[in-house]
Amino acid sequence: AMVASGGARDASAWHALVVCDGVSSVAHAAGAAAVAARAARDEIARGVAGVSDPRSIVAHATQCADVAVRKLSAELRAPIGTTIVSALVHGNELAVAWVGDSRAYWVTERGEEQLTTDHAEERELTSCLGMVDDRGRAAHVDPSVVTRTLGKQGALILCSDGLWNYF
């Protein structure tokens with residue numbers, strides 16, 4: 001998912017992106033990603049309507065997505081999981097929240113800047129939505145969040161490891 005920006009921005013405009021990537025080692029990975037993306041999108045829309053702080057909006061949307069994934073997991077009676085990265089741009093202010101190894105980049109003529117840090121070690125996820133501990137209990141989800149002021153021209157790109165791993 002990508003938002004391109006050039007020249008003057010409408011200070012009242014909001015732009016949101018959400019990318020989820022189901023954990024392929026479990027069944028129903030695509031369903032987990034779809035449920036998480038919808039929940040995050042809907043919560044971001046509610047937050048924007050309330051003209052809340054972008055950082056709080058994306059963090060809360062991530063937690064709502066985790067709740068939605070856990071609900072689906074309970075309905076399926078199977079462990080499921082997904083990564084998530086979401087971004088909210090208001091004017092030239094950006095907030096990004098993530099869990100897992102899906103990433104956000106700010107790309108300009110000078111190159112790209114990775115805005116996120118993977119929650120993974122040696123190709124193994126250390127955190128995702130829907131995670132359970134070794135006793136099968138829900139693990140606490142604590143999304144990472146970054147904010148920054150964007151330059152005048154560039155593109156915000158959100159992607160899963162299915163893209164960044166190959167490029």
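The values are calculated or read from the model by the stated rules, or taken from the named source; none is laboratory data. No experiment lies behind these values; they were computed from the predicted model shown. We place every Cβ from the backbone using ideal geometry, glycine too, and count neighbours over all the protein chains shown. Calculation scope for accessible area: heavy atoms of the full protein, side chains included, ligands and nucleic acids excluded. Shrake-Rupley method; radii C 1.70, N 1.55, O 1.52, S 1.80 Å.
The table that follows gives values for the structure above.
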{"quantity": "Qualifying residue in the range 151-161 (condition: under 14 Å from Ala33 (Cα atoms), in a loop (DSSP other than H, G, I, E, B) and either of a type in the set (Phe, Trp, Tyr) or in contact with an Asp or Glu (Cβ under 7 Å, 6 or more places away or on another chain) (or both))", "calculated": "yes"}
{"quantity": "Pair list, Cβ < 7 Å and 6+ apart or interchain, from the range 21-34 residues that are without any contact (Cβ under 8 Å) to a residue 60 or more places away in the chain to residues that are of a type outside the set (Ser, Thr, Tyr) and open to solvent by 80 Å² or more (accessible area, probe 1.4 Å)", "calculated": "Val26/Pro79"}
{"quantity": "Of all residues making up the range 130-146, the number that are surrounded by 15 or more Cβ atoms within 10 Å (Cβ to Cβ) and within 25 Å of Glu93 (Cβ to Cβ)", "calculated": "5"}
{"quantity": "Residues located in the range 122-167, provided they are among the charged types (D, E, K, R) and at pLDDT below 85", "calculated": "Glu122, Arg123, Asp133, Asp134, Arg135, Arg137, Lys152"}
{"quantity": "Total residues in the range 36-54, condition aliphatic (A, V, I, L, M) and under 13 Å from the mean Cα position of the chain (by Cα)", "calculated": "5"}
{"quantity": "So Val141, is it touching a Ser or Thr at 6+ places or on another chain (Cβ under 8 Å) and in a helix (DSSP H, G or I)", "calculated": "no"}
{"quantity": "Residue list for the range 106-119, restricted to those being aliphatic (A, V, I, L, M) and either open to solvent by less than 30 Å² (accessible area, probe 1.4 Å) or closer than 22 Å to Val35 by Cα (or both)", "calculated": "Leu115"}
{"quantity": "Contacts under 8 angstrom Cβ, first residue in the range 108-136 being closer than 19 Å to Val67 by Cα and in contact (Cβ under 8 Å) with a residue 60 or more places away in the chain, partner open to solvent by 40 Å² or more (accessible area, probe 1.4 Å) and part of a loop (DSSP other than H, G, I, E, B), 6 or more apart", "calculated": "Gly130/Pro79"}
{"quantity": "Qualifying residue in the range 42-53 (condition: basic (Lys, Arg), assigned to a helix (DSSP H, G or I), modelled with pLDDT of 95 or more and open to solvent by 30 Å² or more (accessible area, probe 1.4 Å))", "calculated": "no"}
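Condition check ((1) modelled with pLDDT of 95 or more; (2) open to solvent by 10 Å² or more (accessible area, probe 1.4 Å); (3) on the phi > 0 side of the Ramachandran plot; (4) among the hydroxyl-bearing types (Ser, Thr, Tyr)) across all residues:
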| position | (1), (2), (3), (4) |
| --- | --- |
| His60 | yes, yes, no, no |
| Asp66 | yes, yes, no, no |
| Val69 | yes, no, no, no |
| Ala74 | no, yes, no, no |
| Ile80 | no, no, no, no |
| Ser86 | yes, no, no, yes |
| Glu93 | no, yes, no, no |
| Val96 | yes, no, no, no |
| Ala104 | yes, no, no, no |
